[in-house]
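Below you'll find the structure, written out as structure tokens, and then a few comments.
Readers should treat all values here as calculations from the given coordinates under stated rules, not as data from a laboratory. Computed from a predicted structure; not experimentally measured. Positions of Cβ are backbone-derived with ideal geometry, glycine not excepted, and every protein chain shown enters the neighbour counts.
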Amino acid sequence: MMSNLFSMFDPSTNILNMSLNWLSSMLGIMMIPYLFWLIPSRFSLLWFNILNTLHKEFKTLLGLSSLKGSTFIFISLFTFIMFNNFMGLFPYVFTSTSHLIMTLSLALPLWLSFMIYGWINHTIHMFAHLVPQGTPPILMPFMVCIETISNFIRPGTLAVRLAANMIAGHLLLTLLGSTGPSMNMIMINILLITQIALLMLESAVAIIQSYVFTVLSTLYSSEVN
């Protein structure tokens, strides 16, 4: 019996006082190079089509004035988050994206680099963003405050959204799974069907949340150009 419901997210595995759970985030680096040595399969062709579609969409969001290759960082970010979200669905694999330290370390440097670039190179444009077009003069000071606050909480909302969605699904799966030993055979069958449906939902959430995180980062980037 777990003393704390959230203890399932604790990095508890350690050897020589080193937490090894975070190594699950690096497993993708070991697996990806094998794709370049294999004969192209349907899976690799499907993956390249997905990447090509993402490239076109991010290019549209960034605008025509964006630099060549600027979509690569967002495609890599999408791949990294989606891989870690899926890794968390396997039993006994550490869910790194359920921790704010992981999601904040992805969101904060991106947002900070966009802000520094924007304020240095497009200062007038950044000031103009603080007052939406058509705002009455009497409301301008309030709009500047509201826009400034909303700008500062962007990395926090990005990080919390991803972590909270990963935690919510895993907690629900754990709560339902822990009731299994006290059920009869009919209820266990219903529980299994429910767990499979929830697992399919979590697989969809793993893709959607990585896509949402990346698209919002792309939109924040397009605002500073």
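How charged is the neighbourhood of Ala128? Take every other residue with its Cβ under 12 Å from the Cβ of Ala128, and add Lys/Arg as +1 and Asp/Glu as -1.
Local net charge: -2.
Run the numbers for Thr60 and Leu172: contour at 0.36 nm per residue of separation, minus the present Cα-Cα distance, in nm. Could you put the intermediate results ahead of the total?
Details: separation 112, 0.36 × 112 = 40.32 nm, distance 3.71 nm.
Stretched out fully, the Thr60 to Leu172 stretch lengthens by 36.6 nm.
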- Item | Least to most buried among Lys68, Lys56 (fewest other Cβ within 10 Å first) | Lys68, Lys56
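Filter the DSSP H helices in the chain by two things, a Kyte-Doolittle mean of at least 1.0 and an axial alpha-carbon span of 15 angstrom or more, and list the hits by number.
On the way: long enough: 42-62 (30 Å, 0.31); 72-87 (22 Å, 1.84); 100-121 (30 Å, 1.54); 140-152 (18 Å, 1.15); 154-178 (36 Å, 0.95); 185-223 (56 Å, 1.50).
Long hydrophobic helices here: 72-87, 100-121, 140-152, 185-223.
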- Any idea what the dipole of the chain comes to, in debye rounded to 20, about its Cα centre with Lys/Arg Cβ at +1 and Asp/Glu Cβ at -1? 360
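Using R₀ = 25 Å, calculate the FRET efficiency as 1/(1 + (r/R₀)^6) where r is the Cβ-Cβ separation of Met30 and Ile50; round to 0.05. Don't skip to the answer; put the middle values down first.
Values: r = 21 Å, r/R0 = 0.84.
Taking R0 as 25 Å, the efficiency between Met30 and Ile50 is 0.75.
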- Message: Just to be sure I understand the model, the point goes 7 Å from the Cα along the line to the Cβ. What's the resulting Phe43 to Phe142 distance in nm?
- Response: 5.6
- Task: Could you line up His170, His55 from fewest to most neighbouring Cβ atoms inside 10 Å?
- Result: His55, His170
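What FRET efficiency comes out for Ile149 versus Ala197 if R0 is 41 angstrom and r is the Cβ-Cβ distance? Round to the nearest 0.05. Spell out each step's value before the answer.
Working: r = 39 Å, r/R0 = 0.96.
Computed FRET efficiency for Ile149 and Ala197: 0.55.
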